[in-house]
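The values are calculated or read from the model by the stated rules, or taken from the named source; none is laboratory data. All values reported here derive from a predicted model rather than from experimental measurement. No Cβ is skipped: glycine too gets one built from the backbone with ideal geometry, and neighbour counts run over all protein chains shown.
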Amino acid sequence: MRDALGACNTVERVTARHSALPAASAEARVDADAEWWRSAVIYQVYPRSFADASGDGIGDLRGITRRLEHLADLGVDAIWLSPFYRSPQRDAGYDVADYCDVDPVFGDLADFDTLETRAHELGLRVIVDLVPNHSSTDHRWFQEALGSPAGSEERARYIFRDGRGDEGELPPNNWQSIFGGPAWTRTTDADGAPGQWYLHLFDATQADLDWSNPWVRERFVDILRFWLDRGVDGFRVDVAHGLVKQEGLPDYTPPEGSGSMGGGAFDDDITAAAPLPPYFAQDGVHDIYREWRRVLDEYDGHRMLVAEAWVEPLGRLAEWVRPDEMHQAFNFPYLETKWHAEGIREVVDSSLAIFGSVGAPSTWVLSNHDVVRHATRLALTAENPQGHGIGPSSPGQPVPELGLQRARAATALMLALPGSAYLYQGEELGLPEVVDLPDDEREDPTWFRTGGERYGRDGCRVPIPWEGFAPALGFSPTGESWLPQPAEWTAFARDAQSGVPGSTLELYRAALALRSEHALGLGTVEWIPGLGTDVVALQNRGVTVLANAGDAGVELLDGEVLLASGPVDDGVLPPDTTVWMRAD
Ligand code: TEU
């Protein structure tokens, strides 16, 4: 299945192996399924930490397949799988060494096919992760580049440059890696002499590809086709703002206090444009996505692209989802909005208006594998820039009960909004961030590249609990777990919550069922005035939604309560609580 260049083979590919969902009674369902992504709830599976069938302590594809029924039962529409490709796992699989094969730690391509088939049988669509900004330095493309002279075709796949200084001893520019430290690493020539430098916006084992080279563009079209032919329903595009770098690679110093994206932390003014770093949000990326869109449009089954683009303001992000580009983009300004009614109203309004102006649905997301879990984040009392993580010595230590209460309220609000919502594995259990991982267990390159100054993202990646009294809480039959699970997670296990009224799992199930019953994902937001500035009050398709982000109880409106994120008594909506009511 390889061509001479080590890319995915398009000639021998298995054509029309599967068409994406729907398989049965395809014709009848085509209309209902058209543009399914506009209102879908998409569940992120982080394969390392979801379920381990092999028993080595790292999750795998067979583990996921065995547990898929739980996700169908939860009521989500699709799953997005973080990378499971061949990789030395220096950045948990976001360092891809072969885009068209499965890493043995996760299984093989046959395991992927089985997973996909089972997911489709259960009515779940399957989105895979595409990592086009960089490859692993273990990738054959990079190894060939290293073994070829400066100026060769092989080196032109990546961003190799001569160093500055008399002997080329200084990096070509001052860019810093998003994980900390310089964004350039110097190579050594075959004769042992110091050679050129290569760019890596992330870890030194993640070399940036040169997207001005048509060869790179062709390879990624091959990769898209490889997975589309296997029947995937879409791609989550990693660092979708980073592929094109500004001509000349000028020096750049990020503003003080910016997040680890180096593009400036999203500030409270979500309409303010931060200065563009020369490596993010360059105009040239859009041509690439237009080409990809044309490829997807050749396929049946409404395949989709979702951009992971840390771009602000929202107006700029909307460029990624113009009608001939991607279908949707993660709404990180929403994720970064504090638990504060005014800010929430503003980001919801702007998102619906701005994405709507280009004909795209808004998305909503509160957690993923790169951010502090929202059951912890929403009650932090100190600033915590994205990617820095939280550990025992971080300022503003978590307040667990308050965090969970707010997380439940925030999720209940999110799932009432029109558009598409993304869930991150374990949030349906109310999992908090793990803040006390032993230092010698940490694996995030951020931790190593900052000399322990930033904890990084391991705390949101701890393997999830299935059964409270099984080895590794049901994650792995042998009790192995690549990151240690806290003892108190027994209480968060799925079996401890399933069928238990008031549990977080049952709240998610009920919200997803009602969201689907009322087709809230296809609705509209109409604000309800008069409930005070601390309450987010809206109506969507006959459902009244009230979220109290203040610190005092508020009198409830009359009507039947359909869903409550916490106890609601005596007609009062307590602080940090959301209810859905049947509008009279
Ligand atoms: O993340 C890209 C990104 O810009 C950030 O979310 C980044 O992870 C964070 O700021 C680092 O602290 C994507 C993936 O989601 C992430 O897991 C990968 O590490 C990264 O790309 C590199 O592939």
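Below are the figures for this structure:
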| read-out | value |
| --- | --- |
| Number of the condition not met by Ser351 [criteria: (1) within 29 Å of Ile288 (Cβ to Cβ); (2) within 16 Å of the ligand (Cβ to nearest atom)] | (2) |
| Wholly enclosed strands (runs of 3 or more DSSP E) of the range 115-211 bearing at least 1 residues over 30 Å from Glu69 (Cβ atoms) and within 30 Å of the chain's Cα centre (by Cα) | 134-136, 184-188, 194-199, 206-208 |
| Flag if Pro182 is closer than 20 Å to Leu276 by Cα, modelled with pLDDT of 95 or more and touching a strand residue (DSSP E or B) at 6+ places or on another chain (Cβ under 8 Å) | yes |
| Residue in the range 127-141 that is away from the ligand (no atom under 13 Å from the Cβ), farther than 30 Å from Lys245 by Cβ and crowded, with 23+ Cβ neighbours inside 10 Å present | no |
| Every residue from the range 436-465 that is crowded, with 19+ Cβ neighbours inside 10 Å and among the hydrophobic types (A, V, I, L, M, F, W, C) | Leu437, Trp447, Cys460, Val462, Ile464 |
| Some residue of the range 65-77 being within 16 Å of the ligand (Cβ to nearest atom), of a type outside the set (D, E, K, R) and closer than 30 Å to Met414 by Cα | no |
| Condition check for Thr137: β-branched (Val, Ile, Thr) and within 30 Å of Ala72 (Cβ to Cβ) | no |
| Residues being of a type in the set (D, E, K, R), over 19 Å from the mean Cα position of the chain (by Cα) and buried (at least 21 other Cβ atoms within 10 Å of the Cβ) - total across the range 212-242 | 1 |
| Qualifying residue in the range 461-469 (condition: touching a residue at least 40 places away in the same chain (Cβ under 8 Å) and either under 19 Å from Met414 (Cβ atoms) or within 16 Å of the ligand (Cβ to nearest atom) (or both)) | yes |
| Tabulated pairs, the range 46-67, first closer than 20 Å to Cys460 by Cα, second among the basic types (Lys, Arg), C-beta under 6 angstrom, 6+ apart or interchain | Ser49/Arg461; Ala51/Arg67; Ile58/Arg48; Gly59/Arg48 |
| Residue satisfying all of: in the range 429-459; over 16 Å from Tyr94 (Cα atoms) and of a type in the set (Gly, Ala, Ser); nearest to the ligand (Cβ to nearest atom) among these | Gly459 |
| Subset tally (residues that are out of contact with any Asp or Glu (no Cβ under 7 Å at 6 or more places or on another chain), in contact (Cβ under 8 Å) with a residue 12 or more places away in the chain and surrounded by fewer than 22 Cβ atoms within 10 Å (Cβ to Cβ)) for the range 156-169 | 4 |
| Residue that is assigned to a helix (DSSP H, G or I) and in contact (Cβ under 8 Å) with a residue 60 or more places away in the chain, where the choices are Glu291, Glu319 | Glu291 |
| Condition met for Phe106 (touching a Pro at 6+ places or on another chain (Cβ under 6 Å), modelled with pLDDT of 95 or more and either among the charged types (D, E, K, R) or under 23 Å from Trp466 (Cβ atoms) (or both)) | yes |
| Count of the range 372-386 residues which are surrounded by fewer than 24 Cβ atoms within 10 Å (Cβ to Cβ) and within 16 Å of the ligand (Cβ to nearest atom) | 4 |
| Subset tally (residues that are assigned to a helix (DSSP H, G or I) and in contact (Cβ under 8 Å) with a residue 24 or more places away in the chain) for the range 482-491 | 2 |
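Residues checked against (1) under 25 Å from Ala309 (Cα atoms); (2) buried (at least 17 other Cβ atoms within 10 Å of the Cβ); (3) more than 13 Å from the ligand (Cβ to nearest atom):
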{"position": "Tyr85", "(1), (2), (3)": "yes, yes, no"}
{"position": "Arg90", "(1), (2), (3)": "yes, yes, no"}
{"position": "Phe112", "(1), (2), (3)": "no, yes, yes"}
{"position": "Glu153", "(1), (2), (3)": "no, no, yes"}
